[in-house]
Amino acid sequence: MLSLKYCLPPHADNTLTDNNILDFLNLQSLDIEDGINKCGVFLQHLHIPATVQVSIHCITREHHNTFGDAWMPVTLFVHAHLNAESPPIQALLLKVPDFKCSSPRSPTFEMVAWHSLAAFPSTSCPAGFVLALIVEAPLYAETDTIDLLMQVLGTLPLANVQTAQYELSLGATWNLPNVAAMLHCTPALESLWVTGTGSVTIAQALQPQWTADAGAQPTVTLLLPALKTLTFWQVDLGANIRNPLNFLIFDF
């Protein structure tokens, strides 16, 4: 195991040059925690086996409009690591804590990914994961946090995820466009478990959309056409969905 917390070299001091490649051929797990720019530079110079369990905790004070540039080196490493071993990511856990209740060191959001459905946890203590990613942006507002989350999700290889668990707070801040964009990142999803105040917007986004041209039979469009199992936990759907009974027409 290699654990590096707040000890990476400053990203601008050229300690790591293009010719410095750090090989850890027998490594089993990697755990780093530091500023996002330091993490990005370090990961660019790292060569590890595809089987390594990777945990990355990035702290950023970048404005959400410039976050993408700082995030790019991290996502390049993540892509290379996740795509180096088959099968692709099949299970995903996403946590977005309550902004108002978070301490100054609480994560802005947390994501854990698994290659195997069999490794997906039945408890809140993840194990056997291939990637654990925490992004901490202590100066962010609620809407900026969701914007940052969408930037990260949009860069990850999630097209083959079959099972997902979402724990979503910041209820009033979620809107249908950003929830739809989040769900579009996992088009092959078959099983979804959702809790938290943001769950209501997911329920709204998953309602079938009916369209009908003149003289034609109505057609229905589903945001997640492969979805077979949908679970809401401790969510009051009836008080927030215009016609909750219509939500039950899903034929799983």
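Quick notes on this structure:
- Screening residue 160 against (1) at pLDDT 90 or above; (2) outside any loop (DSSP other than H, G, I, E, B) leaves a single unmet condition, (2).
- When 68, 35 are checked against the criterion of being of a type outside the set (Val, Ile, Thr) and modelled with pLDDT of 85 or more, a single residue qualifies: 35.
- Residues of the range 47-76 that are closer than 18 Å to residue 110 by Cβ and without any contact (Cβ under 8 Å) to a residue 60 or more places away in the chain: 74 alone.
- Selection from the range 77-93 of residues that are without any contact (Cβ under 8 Å) to a residue 40 or more places away in the chain, within 17 Å of residue 111 (Cα to Cα) and either in a loop (DSSP other than H, G, I, E, B) or among the polar types (S, T, N, Q) (or both): none
- Contact map, the range 193-207: residues that are touching a residue at least 60 places away in the same chain (Cβ under 8 Å) paired with residues that are part of a strand (DSSP E or B) and of a type outside the set (A, V, I, L, M, F, W, C), Cβ distance under 6 Å, separation 6+ or inter-chain. Pairs shown: 196/167.
- Scanning the range 178-197 for residues that are small (Gly, Ala, Ser) and outside any helix (DSSP H, G or I) gives 188, 191, 196.
- Those residues of the range 18-59 which are touching an Asp or Glu at 6+ places or on another chain (Cβ under 7 Å) and part of a loop (DSSP other than H, G, I, E, B), in sequence order: 50, 51
- Of all residues in the range 144-190, exactly one satisfies the criterion of being of a type in the set (Asp, Glu) and in contact with a Gly (Cβ under 6 Å, 6 or more places away or on another chain), namely 167.
Residue-by-condition table, conditions (1) of a type outside the set (Ser, Thr, Tyr); (2) crowded, with 21+ Cβ neighbours inside 10 Å; (3) closer than 21 Å to residue 76 by Cα; (4) more than 11 Å from the chain's Cα centre (by Cα):
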{"position": "144", "(1), (2), (3), (4)": "yes, no, no, yes"}
{"position": "148", "(1), (2), (3), (4)": "yes, yes, yes, no"}
{"position": "153", "(1), (2), (3), (4)": "yes, no, yes, no"}
{"position": "160", "(1), (2), (3), (4)": "yes, no, yes, yes"}
{"position": "173", "(1), (2), (3), (4)": "no, no, no, yes"}
{"position": "180", "(1), (2), (3), (4)": "yes, no, no, yes"}
{"position": "191", "(1), (2), (3), (4)": "no, no, no, yes"}
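- All positions within the range 219-245 that are part of a loop (DSSP other than H, G, I, E, B) and modelled with pLDDT under 70: 237, 238, 239, 240, 241, 242, 243
The values are calculated or read from the model by the stated rules, or taken from the named source; none is laboratory data. Being a predicted model, the structure only gives us computed values, none of them experimental. So basically every Cβ, Gly included, is an ideal-geometry build from the backbone, and we count neighbours across all protein chains shown.
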